[in-house]
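Worksheet: one structure, shown below.
What follows draws every value from the coordinates through simple rules; no lab data is involved. The model shown is predicted, which means the values in this text are computed figures rather than measured ones. Using ideal geometry, Cβ is built from the backbone for each residue, glycine included, and neighbour counts are taken over all protein chains shown.
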Amino acid sequence: MAKPGFTVAHLPGFATIAVGVFVCLYLPIITLVVYSFNGGSSIAVWQEFSFRWYSVAWGNEAVKDATVRSLVIALSASAIATVLATFAALGTTRRAPYRGQTFIYVMINQPLMVPEIVTAVALLIIFASIKVATGYHGLGYLIAAHSAFCIPFAYLPIRARLEGMDTVMETAAADLYASAWQTFRYVTLPLLAPGIAAGAMLAFVISLDDVVITEFVKSGGQDTLPTYMLGQLRRAVTPEVNAISSALLALTVALLTAFFLLTRKRD
């Protein structure tokens with residue numbers, strides 16, 4: 001019988017370290033969710049099970065306004081970022097290798113490598129100049145900033161999907177005298193749809209959760225849900241923050257689950 005090969009799971013202490021890592025990652029999250037159902041006014045002292053703070057958050061007009069604003073920004077930014085990321089992925093995969101291709105790939109993914117605070121400060125300087133010149137202070141700045149930041153998050157799953165697609169169907173369409181647009185519309189786009197959907201959901205989650213860029217770019221009265229929660233933590237901390245965080249967590253988990261189902265490999 002052949003000797004089994006080396007596996008990291010057989011190393012001494014592997015199971016203990018793995019359990020410790022999962023405890024450190026998920027115990028705070030579980031605690032947050034549990035204490036969101038605390039009927040008392042303390043975020044750390046349990047009194048009784050209650051949906052009180054979910055009701056308080058639901059009736060808070062500031063929370064509703066921040067939630068609607070967050071959804072508008074996230075939906076707009078994810079749509080713009082996904083369209084641009086799709087064209088970028090097509091331009092970097094569906095053609096012969098060319099000089100400077102690696103540089104373009106690096107530039108597309110630049111927001112992933114540069115600290116977010118640097119991007120936020122740079123956007124603040126640019127948008128401040130535009131605000132002075134135009135007098136416009138609307139949500140357009142936040143949508144533009146989130147779109148730029150979310151492009152690489154949408155680009156990666158779309159590019160991965162393109163690289164995993166067989167070009168036989170596209171070649172067959174060209175052999176049957178389909179134009180480039182017809183091939184893209186009836187062959188490439190339907191096959192690419194799961195990657196586009198996954199990229200859009202990932203961009204949506206990133207935009208919805210963003211704090212740093214939003215905090216630097218937003219004008220007065222433009223709080224999103226994360227920046228509203230940050231402001232509440234600076235003033236008075238109540239379990240309402242736990243309830244809002246748990247609701248946001250549930251939405252994020254649902255979208256990431258859908259992302260996983262769309263991008264997993266099928267036989």
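Summary table
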item	result
Value of [θ]222 nm, deg cm²/dmol, for the chain, DSSP H segments ≥ 4, -39500 (n - 2.57) each, nearest 500	-24000 deg cm²/dmol
Burial ranking of peptide ranges 22-31, 178-187 (average Cβ count within 10 Å, highest at the top)	178-187, 22-31
Fraction of the pair-distance distribution of the chain above 23 Å, Cα-Cα pairs, percent	65 percent
Among 152-164, 79-91, 199-211, 51-63, the order from most to least packed when residues are scored by Cβ within 10 Å on average	199-211, 152-164, 79-91, 51-63
Normalised contact order of the chain, rounded percent, pairs of Cα under 8 Å and 6 or more residues apart	30 percent
Three semi-axes of the equivalent ellipsoid, region 6-59, Cα gyration tensor, whole Å, largest first	38, 11, 7
Karplus-derived HN-Hα couplings along region 81-96 (A = 6.51, B = -1.76, C = 1.60, θ = phi - 60°), whole Hz, x at Gly and Pro	4, 5, 4, 5, 5, 5, 5, 5, 5, 5, x, 9, 10, 8, 6, 5
Scattering curve values for region 105-167, log₁₀ I(q)/I(0), Debye with Cα scatterers, q = 0.17, 0.21, 0.26, 0.28 Å⁻¹	-0.68, -0.88, -1.10, -1.18
Overall form of region 182-267 per C-alpha gyration tensor (a/c, 1.5; a/b vs b/c)	oblate
Net dipole in debye of region 38-114 [+1 Lys, Arg Cβ; -1 Asp, Glu Cβ; about Cα centre; nearest 20]	500 debye
Where only C-alpha atoms are counted, convex hull volume of region 1-97 per residue in Å³	242 Å³
